[in-house]
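Chemist: Before I ask anything, here is the structure I am working with.
Please treat every number below as a calculation from the coordinates, not as lab data. Quick caveat: nothing in here was measured; it's all calculated off a predicted structure. Heads up, the Cβs are rebuilt from the backbone with ideal geometry, glycines too, and the neighbour counts pull from every protein chain shown.
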Amino acid sequence: MNSPVEISIETVDGIADCMLDLQEDESGTTFYSVTVLYPNIVNGFSRSEVYCHNMLCDSATGKYVFDRNDEIHPRVKKLEQQLSAAIGNIS
């Protein structure tokens, strides 16, 4: 497997730090495990919220999308296109 890739994405709330890690399940299907540290300010202190989801390749479009079986927070869902583009740059 490849080494994890770290990227930063500008959001309306600040910079989200993301890690993309290529994985393979028991059937041999590859996917990316995505960890997002989303910026959050609490009482003047930065306390990032952590979101972990899988991104799978959509066979119809060839782009990576969040696993449709997961419940994705709307602000993380907004990052899907940028994360998919980043995965496309890795491949």
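Chemist: Among the acidic types (D, E), over 17 Å from the mean Cα position of the chain (by Cα) and within 20 Å of I90 (Cα to Cα): which single residue out of D67, D25 fits that description?
Modeler: D25
Chemist: Same structure, new question: If you take the residues of segment 24-79 that are part of a strand (DSSP E or B) and small (G, A, S), which of them is surrounded by the fewest Cβ atoms within 10 Å (Cβ to Cβ)?
Modeler: Among residues in segment 24-79 that are part of a strand (DSSP E or B) and small (G, A, S), the one surrounded by the fewest Cβ atoms within 10 Å (Cβ to Cβ) is S46.
Chemist: Now a separate question. Does segment 1-22 hold any residues that are surrounded by 10 or more Cβ atoms within 10 Å (Cβ to Cβ) and more than 18 Å from N89 (Cβ to Cβ), and which are they?
Modeler: Scanning segment 1-22 gives T11, D13, G14, I15.
Chemist: Six or more apart or on different chains, Cβ under 8 Å: which pairs go from a residue in segment 1-26 that's within 19 Å of F45 (Cβ to Cβ) and in contact (Cβ under 8 Å) with a residue 60 or more places away in the chain to one that's β-branched (V, I, T) and part of a strand (DSSP E or B)? Could you list them?
Modeler: A16/I9; A16/V36
Chemist: Identify, please: which residue in segment 81-91 is free of Cβ contacts under 8 Å to residues at least 24 places away in the same chain and assigned to a helix (DSSP H, G or I) and is, among those, farthest from the chain's Cα centre (by Cα)?
Modeler: Ranking the qualifying residues of segment 81-91, first place goes to N89.
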